[in-house]
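Below is one structure, written out as structure tokens, with a few remarks after it.
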Amino acid sequence: MDAAAGGGEGEVFVNYAQIEEYFNNMALEGPSAQDRVDGIVSQIISLLPAPFVSAPDADDSDDDHFSLTSSDSEDAAAAAADRPAVQDGDGRDHVSHLPDDLLCNIISRLPTKEAARTMVLSTRWRCVWAATPLLVDDSHLRAADGPRDFHAVRAVSRCVAAHPGPVRAVRFTRTSFYRQKYALEHLIARLAAKKIQDLILFNRPWQLDMPLPDNILNCASLSRLYIGVWRWRFPDTTANSPAFPNLQELGLFHTVIKDREVDALLAHCPKLKILSFAIAYISRSRLRIKSSSLRVVMEWGCSFDEIIVEDAPCLERLLFQSILDRRPVKIVYAPRLEVLGYLDLQLHALEIGGMVIRAGMNVRASAMLPSLKILAVKVRFSHDKEVKMLHTLLRCFPRLETLHIMFIQSTSPDGVHCAEFWESQSSCDCLESHLKTLVLHGFQGLDCELLFLGYILKNGKVLKTLGMVCRGSDDVVSEGGRMTCSVGEGNAPSGGSSGSDEVVVEGGPISGSADEGNLSSGGSSSSHDVVMEGVPVPGSVSEGDAPSGRSTGSDVIYVCPASPSWSFQNAIDLSVEDPFCVLRRARAWRASRVEA
């Protein structure tokens, strides 16, 4: 992006030199610039895919002298050749008699140094190590910390050179490459020659303004690449053959790269499926998506001026964890988009098919996304505009199946009249025939929240599941009680009367921190009331089940506690059907809607 970093409100940076100056000025009144940047780097590293092998516990042996190569003492290797491997009770070496493919699997699960150390067990083990695709992680090397960083780079380079087979993965997250430009270029050249498949390359600053070596473009065998804290000048070589013909997953973390370079990069990744950006700063920039292969795009903690999905025929997920300023999200062409969120109604201005979505507008067919199945929205129900925008969004996605609502509390309500608004709204296509699951995040039982819930329960003709993810508690459902969700004149207190079109949850879950004014005990209601009466469901929930009693079919609703599952890796993992939560169906309540 044109600028990838910013600090406080109003700060705008266009290069790493300005970022360094900003952090150095901040260091006069608090932690050092190095400490601040280390904190940021630690944060973005926590978003990375899990390592293939966890880092071993530190010890005080003389392992620092181990070179990680096959050139270790020949005497030690010769002596070990006649030494029996680890034996069990019958005195026989069963492990060494396993097939080679199983031994390779064992070695691939060992930390870097322990894997290389198996060479001294016997001649056969040396051959097995050589045949196992190499995994190298600098967190396995004690030299990857402090002033000995150069030795870690050199050790990894020697290890790669000594290994005769292919390199499966290299992971650098603890090494500073400052003043090691040549060593890094040499290492990348070796990795390219060994057909590396998976590379995670994070620079531990300081200095910040480190250019990523140009020969990274020679790693044509890469299928996954994550880079962090680099300045990447991707050349405009659109006329040439693809630089990364096999790349399927790309993560750019805290990396300065210009708009036009992102365009060129996408053009050079014909098989790219997952593209993610994390912890960029305030920037006058835009993210433009134009790719025939992309299936997932993630923006996490960035501050792009706008996000444009220009041409993405295979895109299935567009995901945000946005911060700071308001920015447009423009979806021009994404006919397979199924998952969208978190859409923050305070930060995101949605545009579909060239039409800006405005609260209360008449939604035309050209402004609809019929492919969307899962929508997650952050809403401040005390803000009139956001409440109206939420209702308009429901009309934009006529085949929506799952709706996640995250309730954001606001200290500055603008006098919204929720009761009048929801009472006056008619149903829409998704509520009539498609919406099966509603999940409430941070539900507190406030009037404005209950009114929205009442509207959905009244109009959701095929609604089957109501999920509850509440703040500050893992046990989100309390048994018994009666919760009133009025879409008329307001919630009726104990013994009072309520307006028309009231929705009551009775004998089932009461979720969140609803106060006494939201709970009705014995109040009267009109003939248009809808009552949910239910009991716990033993075992798991299936949509075909119906409670014993008066209702079957569309009157059945399962009320489930839910656990939040929103994380960077869950979001981009296509095997995770819903990245926003997991419904705990084994603890569901089965309820029925009946005429009161």
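The values are calculated or read from the model by the stated rules, or taken from the named source; none is laboratory data. Computed from a predicted model, the values in this text were never measured in an experiment. Neighbour counts are summed over all protein chains in view; Cβ atoms, including those assigned to glycine, are modelled from backbone coordinates with ideal geometry. Protein only, heavy atoms only, side chains kept; ligands, DNA and RNA dropped before computing areas. Shrake-Rupley method; radii C 1.70, N 1.55, O 1.52, S 1.80 Å.
Restricting to strands (runs of 3 or more DSSP E) lying wholly in the stretch 229-338: which have 1 or more residues that are of a type outside the set (A, V, I, L, M), modelled with pLDDT of 85 or more and in contact with a helix residue (DSSP H, G or I) (Cβ under 7 Å, 6 or more places away or on another chain)? Give the derivation first.
Numbers: elements: 249-253, 274-278, 286-290, 296-300, 306-311, 317-321, 327-331.
Output list reads 249-253, 274-278, 286-290, 296-300.
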Unmet requirement for residue 383, which otherwise passes all of (1) on the phi < 0 side of the Ramachandran plot; (2) at pLDDT 90 or above; (3) open to solvent by less than 60 Å² (accessible area, probe 1.4 Å); (4) over 25 Å from the mean Cα position of the chain (by Cα): (2)
Residues being crowded, with 16+ Cβ neighbours inside 10 Å and more than 25 Å from residue 46 (Cα to Cα) - total across the stretch 162-179: 2
Which numbered condition residue 159 fails, given (1) over 21 Å from residue 44 (Cβ atoms); (2) at pLDDT 90 or above: (2)
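Test residue 323 against the stated conditions and say whether it is without any contact (Cβ under 8 Å) to a residue 40 or more places away in the chain and open to solvent by 20 Å² or more (accessible area, probe 1.4 Å).
Numbers: without any contact (Cβ under 8 Å) to a residue 40 or more places away in the chain: yes; open to solvent by 20 Å² or more (accessible area, probe 1.4 Å): yes.
Yes.
Return yes when residue 190 is within 21 Å of residue 261 (Cα to Cα) and modelled with pLDDT of 90 or more and no when it is not. Before you say what the answer is, go through the steps one by one.
Numbers: within 21 Å of residue 261 (Cα to Cα): no; modelled with pLDDT of 90 or more: yes.
When the stated conditions are applied, residue 190 does not pass them.
Within the stretch 361-376, is even one residue in a strand (DSSP E or B), modelled with pLDDT under 90 and within 20 Å of the chain's Cα centre (by Cα)? Outline the logic, then answer.
The first filter runs over the stretch 361-376 and keeps only residues in a strand (DSSP E or B), leaving 374-376.
If we keep only those that are modelled with pLDDT under 90 too, we end up with none.
Within the stretch 361-376, none of the residues are in a strand (DSSP E or B), modelled with pLDDT under 90 and within 20 Å of the chain's Cα centre (by Cα).
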Selection status of residue 351, at pLDDT 95 or above, open to solvent by 10 Å² or more (accessible area, probe 1.4 Å) and outside any loop (DSSP other than H, G, I, E, B): yes
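Does the stretch 193-228 hold any residues that are of a type in the set (Asp, Glu), over 22 Å from residue 155 (Cβ atoms) and either surrounded by 22 or more Cβ atoms within 10 Å (Cβ to Cβ) or modelled with pLDDT of 85 or more (or both), and which are they? Even if it seems obvious, please write down each step before you answer.
Narrowing the stretch 193-228 to residues of a type in the set (Asp, Glu): 198, 209, 214.
Cutting the leftovers down to over 22 Å from residue 155 (Cβ atoms) gives us 209, 214.
Residue satisfying the conditions is 214 alone.
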